[in-house]
Amino acid sequence: MFMKKIDLSIVKKILWLRLAQVMVNELYKNREFVVPIHLALGHESLAVAVDAAMSDDDNLFLSHRNIHYNLTKMQSLKEELDEYYLRKSGIGQGRLGSMNLFNKEKNISYASSILGNNIPVGCGFALGNKVKNENGVVFMVTGDGAVEE
């Protein structure tokens, strides 16, 4: 029987994402945050796959459910938690909260709490790259609610 070797680093990232979200959920249930938090339990594999597919020239455009993409890029829970606590040490210096959380340094160029809004913004960004003859792929991740919009 043929068995393919499993890349344990990918499995570890997926499991870490799940555990990190469970921890955030427990804090949220205890009313630790004043901002709404949208978890992505069950979507960890997608975030890890997108991260693995992206190169340094690529950009990611997200919707309001973005915790797993940010955590995958950060590989630490501290800066994201600090953002949820609205601290200056957070990813967005405590100004972005959860639903609009992006991290330009990690090629997460945009996130929006408006369903479907990341699609036209990402398309415009991609067109701008084409006009400027810049390399890189623009990844846009959305859900079924945005497609309905």
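When a 1.4 Å probe is rolled over the protein heavy atoms, the share of accessible surface on the chain that falls to carbon and sulfur comes to 56 percent. The value of relative contact order for the chain, using C-alpha pairs under 8 Å at least six residues apart, is 23 percent.
Given a cut-off of 23 Å, name the pairs among K5/K78; K13/K78; K12/K106; K12/K78; K12/K73; K29/K78 whose C-alpha atoms lie farther apart than that in the structure shown.
Working: K5/K78 32 Å; K13/K78 16 Å; K12/K106 20 Å; K12/K78 18 Å; K12/K73 14 Å; K29/K78 18 Å.
Checking Cα-Cα distances, K5/K78 exceed 23 Å.
In percent, rounded to a whole number, the relative contact order of the stretch 7-73 is 42, using alpha-carbon pairs under 8 Å and six or more apart.
The label point for E79 and the one for I6, both projected 7 Å from the Cα toward the Cβ, are 3.0 nm apart.
Order the peptides 140-147, 16-23 from the highest to the lowest mean number of other Cβ atoms within 10 Å of their residues. Mind showing how you got there, number by number?
On the way: 140-147: 15.1, 16-23: 16.9.
Peptide ranking by packing, descending: 16-23, 140-147.
Within the stretch 49-76, find all residues whose amide N lies under 20 Å from a label point positioned 7 Å from the Cα of V131 along Cα-to-beta-carbon. Answer for the stretch 49-76: 58-61.
Farthest towards the positive end of the charge dipole of the stretch 1-104, among the residues L71, I37, M23, is the Cα of M23, using unit charges on the Cβ of Lys, Arg, Asp and Glu. A 1.4 Å probe run over the chain, with the rest of the protein chains in place, finds 61 Å² accessible per residue.
For the stretch 103-143, the relative contact order works out to 33 percent when only alpha carbon pairs closer than 8 Å and six or more residues apart are counted. Only the Cβ atoms of Lys and Arg (+1) and of Asp and Glu (-1) were treated as charged; on that basis the dipole of the stretch 17-56 about its Cα centre amounts to roughly 240 debye.
Quick one: net charge around N107, please, counting Lys, Arg +1 and Asp, Glu -1 for every other residue with C-beta under 15 Å from its C-beta.
Values: positive: K73, K104, K106; negative: D51, D56, D57, D58, E105, E134.
Net charge in that neighbourhood comes out at -3.
The reciprocal of the average 1/r between distinct C-alpha atoms defines the Kirkwood hydrodynamic radius, which for the stretch 57-149 equals 13.5 Å.
If you take the beta carbon distance between A49 and K88 as r and set R0 to 25 Å, what does 1/(1 + (r/R0)^6) give as a FRET efficiency, to the nearest 0.05? Before the final figure, lay out each step's value.
Details: r = 33 Å, r/R0 = 1.30.
Calculated transfer efficiency: 0.15.
The values are calculated or read from the model by the stated rules, or taken from the named source; none is laboratory data. Everything numeric in this text was worked out from a predicted model, so none of it was measured. Methodologically, a virtual Cβ is constructed for each residue, glycine included, from the backbone with ideal geometry; neighbour enumeration extends over all protein chains shown. Side chains are part of the model used for accessible areas, which takes the heavy atoms of the whole protein and leaves out ligands, DNA and RNA. Shrake-Rupley method; radii C 1.70, N 1.55, O 1.52, S 1.80 Å.
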